[in-house]
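Before any comments, here is the structure.
Derivation of every value follows stated rules applied to the coordinates shown; laboratory data play no part. Computed from a predicted model, the values in this text were never measured in an experiment. Methodologically, a virtual Cβ is constructed for each residue, glycine included, from the backbone with ideal geometry; neighbour enumeration extends over all protein chains shown.
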Amino acid sequence: MTESNFGAKTTAHEVVKRLNVNLDGKVVFITGATSGIGVETARALASTNAHVFITARDMNRGAQVAEDIKKTTGNNQVDVLELDLTSLESVRNCVHQFRLHKLPINILICNAGIMACPYSKTKDGYELQLGVNHLAHFLLVTSLLPELKAGKPARVIMVSSVLNKFQGINFEDINWEKNYDKWLAYGQSKTANILFALQLNKLYKSEGLRAFALNPGAIMTNLQNVLPIEEQQAMGYFKEDGTLADYFKSVEQGASTSVYAALASELDHSDGEYLEDCAITRIVNDNKTEFIGRAPHAADMKAAEQLWTLSEKMVAE
């Protein structure tokens, strides 16, 4: 890990306070900011005076969260855009709605995601976890490239997971038509987030864009709602007394690496880095029980290029 002044228990608010950044006049776009770490990521960045756009499937819920963020930060520049990541048409509509504001984007955080759900498909016929976690974000970011270039130096941040170690890209059956395993499919989607950041950085860093992927750590959020309590217990989520295992972070701590990736000046010249606990991690290994770093398949530039080409075909109208 590279040294930073932060760690696993640092909160998003502490990152903002210690970096002392003022984003007045800058635009931040965050997906999935109506629950979990997305809310705290948006709140922390709103506290820097940025103009923050959050996305929501449920616009009533989005409006409630926006009002709460405005109240707690004193920043009235918090807007909500409708976005359903199970639909590529909804992604295109969201991009259109944002364009009506005629603004650049300085920071784009792809935070929304789903985890370990039963086999299902998006409205466009793709395996749900791949479709939501990767393809919809791929289309969103590539559609917003003009706004990102206008906002340069701009950053794109992909919220991945240490569970990228479970599975590389299953190019032979990317939609899991055979032998679906919810955890392997989740691992594939999180590897896709990392590979997308690598290729995006490679293609557009010369035009003022930097892309990063990160592992936020283990946080108890709505993500776990799909898992039966027995499965959560078997996975070691709880201690014997029923309280959360020590390795879990609070929601505020879970948002900190996203905020660090968005704001830290030491990342200005970084090259598609992978971050954990508010620091760059260089660890690449296949150890699935060591919850740090990424797998070799998530550092494979050939796979990154292949995934980009395939994703372009999959999201084409």
Based on DSSP H runs of at least 4 residues, each adding -39500 (n - 2.57), what is the mean residue ellipticity at 222 nm of the chain after dividing by all its residues, to the nearest 500 deg cm²/dmol? -11000 deg cm²/dmol
Cβ charges +1 (Lys, Arg) and -1 (Asp, Glu), total dipole of the chain, debye: 700 debye
Kindly state, to the nearest 0.05, the FRET efficiency for His269 paired with Asn5, given R0 = 22 Å and r defined as their beta-carbon distance. 0.75
Expressed in angstrom and rounded, the centroid-to-centroid distance over alpha carbons for the stretch 271-317 and the stretch 20-81 is 27 Å
In nanometres, what is the gap between the two model label sites at Ala316 and Leu203, each 7 Å from Cα along Cα-to-Cβ? 1.3 nm
Assuming 0.36 nm per residue, please report the length gained on full extension of the stretch Asp68 to Lys149 beyond their Cα-Cα distance. 26.1 nm
Give the range of the longest stretch in the chain that excludes all chymotrypsin sites (Phe, Trp or Tyr not before Pro) found in loop regions by DSSP and having at most 16 other beta-carbon atoms within 10 Å. 1-118
Checked the stretch 119-171 against the a/c 1.5 cut and the a/b vs b/c comparison, axes a ≥ b ≥ c from its Cα gyration tensor; verdict oblate
Taking 0.36 nm per residue of separation between Asp241 and Glu172 and subtracting their Cα-Cα distance, the length gained on full extension comes to 20.4 nm
17 Å Cα-Cα reach of Lys205 towards aspartates and glutamates, excluding residues that sit fewer than 8 places from it in its own chain: Glu147, Glu266, Asp268, Asp271, Glu273, Glu305
Overall form of the stretch 55-150 per C-alpha gyration tensor (a/c, 1.5; a/b vs b/c): oblate
Above-threshold pairs, the threshold being 32 Å between Cα atoms, out of Lys149/Lys178; Lys71/Lys123; Lys9/Lys165; Lys149/Lys288; Lys149/Lys190; Lys9/Lys102: Lys149/Lys178; Lys71/Lys123; Lys149/Lys288; Lys9/Lys102
Where labels lie 7 Å past Cα in the beta-carbon direction, separation of Tyr180 and Glu89 in nm: 2.2 nm
